[in-house]
Number of protein chains: 2
Amino acid sequence: MADTFVVIGGDAAGMSAASKAKRENPELEVIVFEKGDWVSYAACGMPYYVKGDVDDLDDLVTITADEFRDERDVDLRTGAEVVDIDPDAQTVTVESDEETYEQSYDDLLVATGANAIKPPFEGLDLEGVFTIHNMDEADAIEDYVTERDLETAAIVGGGYVGIEMAEALSEHGIDVDLYEMLPHVLQPFGEPVAEIVEDHLREQGVNLHLETAVSGFDGDERVESVALEEETVPADVVIVGVGVAPNVELAEAAGIELGPTGAVATDEYGRTNYENVYAAGDCAEARHVVTGEPDHVPLALTANRAGRAIGQTITGDPTPTGEIAGTAIVKAFELGAARTGLTDEEQAEEAGFDPVSVTISAATRAHYYPESEELSVTLLADRESGRLLGGSVVGREGAKRIDTVATALHAGMTVTELQNADLAYAPPFSPVWDPVLTAAKVLSGKLE
Amino acid sequence: MADTFVVIGGDAAGMSAASKAKRENPELEVIVFEKGDWVSYAACGMPYYVKGDVDDLDDLVTITADEFRDERDVDLRTGAEVVDIDPDAQTVTVESDEETYEQSYDDLLVATGANAIKPPFEGLDLEGVFTIHNMDEADAIEDYVTERDLETAAIVGGGYVGIEMAEALSEHGIDVDLYEMLPHVLQPFGEPVAEIVEDHLREQGVNLHLETAVSGFDGDERVESVALEEETVPADVVIVGVGVAPNVELAEAAGIELGPTGAVATDEYGRTNYENVYAAGDCAEARHVVTGEPDHVPLALTANRAGRAIGQTITGDPTPTGEIAGTAIVKAFELGAARTGLTDEEQAEEAGFDPVSVTISAATRAHYYPESEELSVTLLADRESGRLLGGSVVGREGAKRIDTVATALHAGMTVTELQNADLAYAPPFSPVWDPVLTAAKVLSGKLE
């Protein structure tokens, strides 16, 4: 009898693992349980659906359920929720509309993802108050926004979801108030990025409320206002985007160990404390390439890569899931902002480094070339070893230059080594010294 | 008495060295001899001056002669040609309009640059036949193009200068014929790039003549036509851009050794066979990061970096000039094309590798995001070690992604290590797997 590979969760990590395992071993029985109806969708694209850049929610689906079933021969069961894992018996208990049943497995992947955090705000259940973490929510927001004549929106949380939704709702002519409890938006990107993004958000007409706590929402059935400590601000729609938490209840109940971040602990192959139980994607930890410590950065590439690696591992080709650098990029109206590695000096000190940083501003193209823009680049390095620890960039173009820094982090390069990299120059694309090289050059001087 | 640092040549390498040396040691006497009038100019920007993107030739000057003299305290002598070096006496002989004199030095930098190759074409002296390698030539071409009503242009050579000039002249409404002796344009970029660029050039109305040798130019005072083997094609203006050769006569006459490429041989600090004589920029060799062998790739960043390093070295801080990857990028009308490392299988074999390559095409942004473009990525690796050897990219956007590959080359990464790099993803900037990662993934599969 063929072995059985069971996957819990039909998004990036789960479907990548299922597809790869089936491709590597067509004899393997591959069953995916997905409690919802959507599989393999691009959650990151949802703000652009609300904005109107993407016409149809289905466009966000990379591969449809039918394609998985018919072309990839994966036994994909939607509307099927796994409610229990028994690692000793090697079975899962599944509930669907019709029945509850047990399914045995030889290898199991927990890819249950993350949930949007819902703080204990009063009025969270009012009509017009949304989180945006799955396709049904995106659909509901788009309906709400396009079918009503809304004047004001409140966005709670200045992370990338909050900023992307500020852009999306502004596009509909809605006045946006954005509330952030911390002193700055985009906390993981660091202050140099945040300050430039904040100025830009204000220029674009967003009412930015930093260091401002929201206590709840008021309204009669539908939301009408946001309650702050000392005032009440009108809001016809509210988006709560204060982050996500790994969905680990099922794993925890089964005795699968969590790591220091609260997500499922895994080894370099994505294995949990049970040898034939793996975890990947937004519910799982991954190793950080700079600190060497487990971290939880729920992003799409990490999920895809880890799922794919686990599909290889369980079919006989042990493949590490890869380390993460926490690389992220976000569009904020006309700006692109990106970060990788360690960008916060305190965080770097906690990891045992003696951080030195610089922030420079440089043109994205030759100074005389039309269309050139300013790019701000921040780099962080360890004083003694000169090792590059992380960086960030922000500007109207060129934010993908963060990939150069991310690649250098994976290679363990020093700042001097990065400074000496032979990067591409021609007037329409870069100054002679690419802004990343200029930052490395300045930081290198500071390290001497 | 203060030491004297003499620099021959006032462009990128020479002025970088002079500036850096003077900044590090203000007591040092720094004398730069430049035979022309222009210093520190962006030769790479000249096609954009001819095109009309840059209003004034002076805009291409990064730092003016007066700024070097007044602000940086460099004794810059323009119109002063060094005609002899005596390494034993440690003197140079200088000719200017007024006088001929000797100047002694403690350290000498030869930064004599390169010259445009002028093949023995008949009619090369006709009015309207140009090479484009210095500012006076750029000025003359721009005059010729804007002051006459030209209908046809011939460009000899399909390297980056030829392609940039095709774009520049087309902008003036001139019909362009481009002649390349080899089977493809942009030879160092490899076939996958060349074929896409060639299709694009044709779409843009350039008459492309591949594997076509030009024998000369005809006309009565002014050029009127180009002579091919079997036909004559009208041409109101001709640009000859068949490459450059290092300007080494002066060095060679002084007993300074040349390397296998014909440029001045240097050690890792830019030193020649005379301990206190350095060479940098377009006249000098540099070490290739993949082959470890000396190479001659005359580009601006290499010149700047080496000059700067030599400025540090001669003031007491020995600094390697850095290795090169041969990274280059070029705009061809709407396309960007870039390359780094080894892109040619034969060349890789000669360097002792067993090359395997892939070419993939992928979207530059999420598939559902508007404005996404196709990027073609080629990667080359060594079969046994899995080491990345080089790559190229071409597309309407995203050509600077070559920097990720270049950085990986400097780090000596394998394809699998590159595949596992945590690069930035968000729908407006990239698919989940960046095109470079997709290429690495496919190549990695081919290496197994």
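The values are calculated or read from the model by the stated rules, or taken from the named source; none is laboratory data. Being a predicted model, the structure only gives us computed values, none of them experimental. Cβ sites come from the backbone with ideal geometry, for glycine too, and all protein chains shown count toward neighbours.
Across the stretch A:178-229, what is the total count of residues that are among the acidic types (Asp, Glu) and over 29 Å from A:GLU127 (Cα atoms)?
5
I'd like to verify a number: residues in the stretch B:390-431 that are without any contact (Cβ under 8 Å) to a residue 24 or more places away in the chain and either of a type in the set (Val, Ile, Thr) or more than 10 Å from chain A (Cβ to nearest Cβ) (or both), how many?
1
Could you list all residues from the stretch B:309-323 that are within 30 Å of B:GLN187 (Cα to Cα) and in contact with a Lys or Arg (Cβ under 7 Å, 6 or more places away or on another chain)?
B:THR321, B:GLY322, B:GLU323
Taking the condition at the interface with chain B (Cβ under 9 Å from one of its Cβ atoms) and either out of contact with any Gly (no Cβ under 9 Å at 6 or more places or on another chain) or crowded, with 20+ Cβ neighbours inside 10 Å (or both), does A:GLY316 pass?
no
Sort out which residues of the stretch B:1-38 are modelled with pLDDT of 95 or more, in a loop (DSSP other than H, G, I, E, B) and within 14 Å of B:ARG77 (Cβ to Cβ), and write them in order of number.
B:GLY9, B:GLY10, B:LYS35
Within the stretch A:17-42, which residues are under 21 Å from the mean Cα position of the chain (by Cα) and either β-branched (Val, Ile, Thr) or more than 10 Å from every other protein chain (Cβ to nearest Cβ) (or both)?
A:ALA17, A:GLU34, A:GLY36, A:TRP38, A:VAL39, A:SER40, A:TYR41 - these are the residues of the stretch A:17-42 that are under 21 Å from the mean Cα position of the chain (by Cα) and either β-branched (Val, Ile, Thr) or more than 10 Å from every other protein chain (Cβ to nearest Cβ) (or both).
Among the candidates A:ALA309, A:ALA286, which residue alone is among the aliphatic types (A, V, I, L, M), surrounded by 24 or more Cβ atoms within 10 Å (Cβ to Cβ), under 27 Å from A:GLU164 (Cβ atoms) and outside the structural domain of A:MET165 (by TED's automatic domain parsing)?
A:ALA286
Quick test for you: out of A:TYR269, A:TYR278, pick the one residue that is of a type in the set (Phe, Trp, Tyr), closer than 14 Å to A:LEU109 by Cα, assigned to a loop (DSSP other than H, G, I, E, B) and at pLDDT 95 or above.
Of the residues listed, the single one that is of a type in the set (Phe, Trp, Tyr), closer than 14 Å to A:LEU109 by Cα, assigned to a loop (DSSP other than H, G, I, E, B) and at pLDDT 95 or above is A:TYR269.
Of everything in the stretch A:365-412, what is touching a strand residue (DSSP E or B) at 6+ places or on another chain (Cβ under 8 Å), hydroxyl-bearing (Ser, Thr, Tyr) and surrounded by 24 or more Cβ atoms within 10 Å (Cβ to Cβ)? Give them in sequence order.
A:SER392
Considering only residues of the stretch A:289-302 that are assigned to a loop (DSSP other than H, G, I, E, B) and more than 10 Å from every other protein chain (Cβ to nearest Cβ), which is nearest to B:TYR425 (Cα to Cα)?
Among residues in the stretch A:289-302 that are assigned to a loop (DSSP other than H, G, I, E, B) and more than 10 Å from every other protein chain (Cβ to nearest Cβ), the one nearest to B:TYR425 (Cα to Cα) is A:PRO298.
On the given criteria, is B:GLY316 touching a residue at least 60 places away in the same chain (Cβ under 8 Å) and either under 30 Å from B:ARG23 (Cα atoms) or of a type in the set (Lys, Arg) (or both)?
Judged against the criteria, B:GLY316 is a match.
Under the condition of being assigned to a helix (DSSP H, G or I) and more than 14 Å from chain A (Cβ to nearest Cβ), which residue from the stretch B:163-173 is nearest to the chain's Cα centre (by Cα)?
Filtering the stretch B:163-173 for residues that are assigned to a helix (DSSP H, G or I) and more than 14 Å from chain A (Cβ to nearest Cβ), the one nearest to the chain's Cα centre (by Cα) comes out as B:ALA166.
Could you please find all residues in the stretch A:325-379 being more than 22 Å from the chain's Cα centre (by Cα) and facing chain B (nearest Cβ under 10 Å)?
Hits for the stretch A:325-379 are A:THR364, A:ALA366, A:HIS367, A:TYR368, A:TYR369, A:PRO370, A:GLU371.
Are any residues in the stretch A:141-159 at pLDDT 95 or above and part of a loop (DSSP other than H, G, I, E, B), and if so, which ones?
A:LEU150, A:GLU151, A:GLY157, A:GLY158, A:GLY159
So for the stretch B:133-140 (the condition being small (Gly, Ala, Ser), in the same structural domain as B:PRO234 (by TED's automatic domain parsing) and surrounded by fewer than 18 Cβ atoms within 10 Å (Cβ to Cβ)), does at least one residue qualify?
yes
Need the failing condition index for B:ALA440 against (1) over 15 Å from A:ASP422 (Cβ atoms); (2) in a helix (DSSP H, G or I); (3) facing chain A (nearest Cβ under 7 Å), just the number.
(3)
Could you say which residue among A:VAL110, A:VAL83 is surrounded by fewer than 18 Cβ atoms within 10 Å (Cβ to Cβ), within 28 Å of the chain's Cα centre (by Cα) and assigned by TED's automatic domain parsing to the domain that holds A:VAL277?
The match here is A:VAL83.
In a loop (DSSP other than H, G, I, E, B), in contact (Cβ under 8 Å) with a residue 60 or more places away in the chain, outside the structural domain of B:LEU380 (by TED's automatic domain parsing) and over 17 Å from B:GLY336 (Cβ atoms) - does that describe any residue in the stretch B:176-184?
no
Return the residues of the stretch A:56-66 that are more than 9 Å from chain B (Cβ to nearest Cβ) and either touching a residue at least 60 places away in the same chain (Cβ under 8 Å) or part of a loop (DSSP other than H, G, I, E, B) (or both); say none if nothing qualifies.
A:LEU57, A:ILE63, A:THR64
Looking at B:PHE121, is it of a type outside the set (Lys, Arg) and more than 18 Å from B:VAL237 (Cβ to Cβ)?
In short, no.
As an exercise: evaluate B:LYS446 against (1) within 23 Å of the chain's Cα centre (by Cα); (2) of a type outside the set (Asp, Glu); (3) more than 8 Å from chain A (Cβ to nearest Cβ) and give the number of the one condition it does not meet.
That leaves (1) as the condition not met.
Determine which member of the set A:ILE324, A:ILE360, A:ILE329 is surrounded by fewer than 21 Cβ atoms within 10 Å (Cβ to Cβ), touching a strand residue (DSSP E or B) at 6+ places or on another chain (Cβ under 9 Å) and among the β-branched types (Val, Ile, Thr).
A:ILE360
Being among the β-branched types (Val, Ile, Thr), surrounded by fewer than 21 Cβ atoms within 10 Å (Cβ to Cβ) and assigned to a strand (DSSP E or B) is the filter here, so list the residues in the stretch B:201-256 that pass it.
Scanning the stretch B:201-256 gives B:THR232, B:VAL233, B:VAL244.
Among (1) free of Cβ contacts under 8 Å to residues at least 60 places away in the same chain; (2) part of a helix (DSSP H, G or I); (3) within 14 Å of chain B (Cβ to nearest Cβ), which single condition is A:TYR48 missing?
Tallying (1) free of Cβ contacts under 8 Å to residues at least 60 places away in the same chain; (2) part of a helix (DSSP H, G or I); (3) within 14 Å of chain B (Cβ to nearest Cβ), A:TYR48 fails exactly one: (1).
Conditions (1) of a type outside the set (Gly, Ala, Ser); (2) closer than 15 Å to A:LEU437 by Cβ, marked per residue:
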{"residue": "A:PHE353", "(1), (2)": "yes, no"}
{"residue": "A:ILE360", "(1), (2)": "yes, yes"}
{"residue": "A:ALA366", "(1), (2)": "no, yes"}
{"residue": "A:SER372", "(1), (2)": "no, no"}
{"residue": "A:LEU375", "(1), (2)": "yes, yes"}
{"residue": "A:SER392", "(1), (2)": "no, no"}
{"residue": "A:ARG396", "(1), (2)": "yes, no"}
